[in-house]
Amino acid sequence: MTAVPHTSWAVEPLHKIHDRQTFRCCAPALERYLQSQARQDSDKRVAAIFVLVQPPVAQVLGYYTLSASTIDAKEVPPELARKLPRYPQLPVTLLGRLAVDQQMKGQGMGQFLLMDSLHRCLQAAAGIAAMAVVVDAKDASAAAFYQHFGFIPLNLSASRLFLPMATIATLFD
Ligand SMILES: CC(C)(COP(=O)(O)OP(=O)(O)OC[C@H]1O[C@@H](n2cnc3c(N)ncnc32)[C@H](O)[C@@H]1OP(=O)(O)O)[C@@H](O)C(=O)NCCC(=O)NCCS
C-alpha cells in the first residue's frame, strides 16, 4: 500500500532556483536530462518541466515533462478507433519523462507526480484538445508502472502506452 502523499509536497514549473544537481535516479539518462538538458528544453519550449519539491527547500525530488504531440490513428487499438473520427493523426499530450529520486522511491511520489501530470493534461485539453496522454516507457519496469495505473499499449510499439482523456476525466470527477 502506497503511503498517503506528504502534505508538504508541491509541484512547480522548473525554475533556476531549483537545485537539480543532487537528483539521483536509477535511470542515468533521466538524471542527466534533468541536470543538463531540462532548462534548455524549457527555454526552447520543446517540453514543459515540472518538479516536485518540499518548500521552502528547493531540492528537486522528482519531475515530469509534457509536450504537445500526435499519434498515428493506426496506433490506436481498434475498439477505441471505431469510436473516433477518421483523421490520420490524432492530438495527444506526451508525458515524455517521469522520475523520482532513488532515495524517495516507494513513498507515493511517483503516483503523486503521475496524477498531477494527468490533471494538468486534462485542464490543458479543455483549451487545446488532446484525446489521450501518451508515455514512452524506457523499459519493462516503467511500462509496468504505467500499466498499474491503467495505461494501454499502443498498437505499433510495446513501449508506447496511452490513457484516453475520457478515462482521465473520470479520475477527477
Ligand atoms: C517508476 C517510478 C516513477 C515509481 O515511483 P515511486 O515513487 O517509487 O512509486 P510510488 O511509491 O508512487 O508507487 C505507486 C504505485 O505504483 C506501484 N509501482 C511503483 N513502481 C512500479 C513498477 N515499476 N511497476 C509496477 N508498479 C509499480 C507501487 O507498487 C504502488 O502501487 P500501490 O499504490 O498499489 O501500492 C520510480 O521508480 C522511478 O523514478 N523509476 C525510474 C524512472 C522511470 O522508470 N520512470 C518511468 C518511465 S520514464
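Things to note:
- Per-pair calculated FRET efficiency, R0 = 41 Å: Met104 and Thr70 via Cβ, rounded to 0.05: 0.75
- Tail weight of P(r) past 27 Å, computed on alpha-carbon pairs of the chain, percent: 25
- Between Asp136 and Arg45, the simple label model (points 7 Å from Cα in the Cβ direction) yields a spacing of 2.2 nm.
- Entries of Lys74/Lys105; Lys83/Lys105; Lys44/Lys105; Lys44/Lys138 with Cα pairs more than 32 Å apart: Lys74/Lys105; Lys83/Lys105
- Annotation: the antiparallel percentage among DSSP beta bridges lying fully within segment 10-171 is about 90.
- Note on the chain: GNM, Cα springs under 10 Å; of Ser42, Ser67, Ser141, the largest mean-square fluctuation is that of Ser141.
- The alpha carbon centroids of segment 19-97 and segment 139-153 are separated by 15 Å.
- Here each label is just a point 7 Å from Cα along the line to Cβ, and for Ser36 and Gln54 those points are 3.0 nm apart.
- Projected onto its three principal axes, the C-alpha set of segment 54-143 covers 48, 32, 16 Å, listed from the longest axis down.
- Within-15-Å neighbourhood charge of Ser36 [Cβ basis; K, R +1; D, E -1]: +3
- The order of His18, His148, going from fewest to most other C-beta atoms within 10 Å of their C-beta, is His148, His18.
- Listed from fewest to most Cβ neighbours within 10 Å, the set Thr22, Thr170 follows the order Thr170, Thr22.
- Exposed trypsin sites (Lys or Arg not before Pro) absent - longest run of the chain, DSSP non-H/G/I/E/B, at most 15 other C-beta within 10 Å: 46-81
- Summing Lys and Arg as +1 and Asp and Glu as -1 over all other residues whose Cβ lies under 15 Å from the Cβ of Leu66 gives a net charge of 0.
- Mean Cα-pair separation over length for segment 10-171, i.e. relative contact order, pairs under 8 Å, 6 or more apart, %: 19
- Counting 0.36 nm for each residue step from Ile152 to Ala29 and taking away their Cα separation leaves a gain of 41.9 nm.
- Cα long-axis angle, helix 109-125 against the chain (0 to 90 degrees, to the nearest 10): 50
- Looking at segment 104-173, the chymotrypsin sites (Phe, Trp or Tyr not before Pro) that sit in a DSSP loop and have at most 16 other Cβ atoms within 10 Å of their own Cβ are Phe149, Phe172.
- Annotation: for a label point projected 7 angstrom from Cα along Cα→Cβ of Ala10, residues of segment 44-70 with backbone N closer than 19 Å are 49-64.
- Neighbour counts of C-beta atoms inside 10 Å place Ile152, Ile168 in the sequence Ile152, Ile168, starting with the fewest.
Only the coordinates and a few stated rules stand behind these numbers; no lab work does. Predicted, not measured: the structure shown is a model, and the values here were computed from it. Cβ atoms come from the backbone with ideal geometry, glycine included; neighbour counts cover every protein chain shown.
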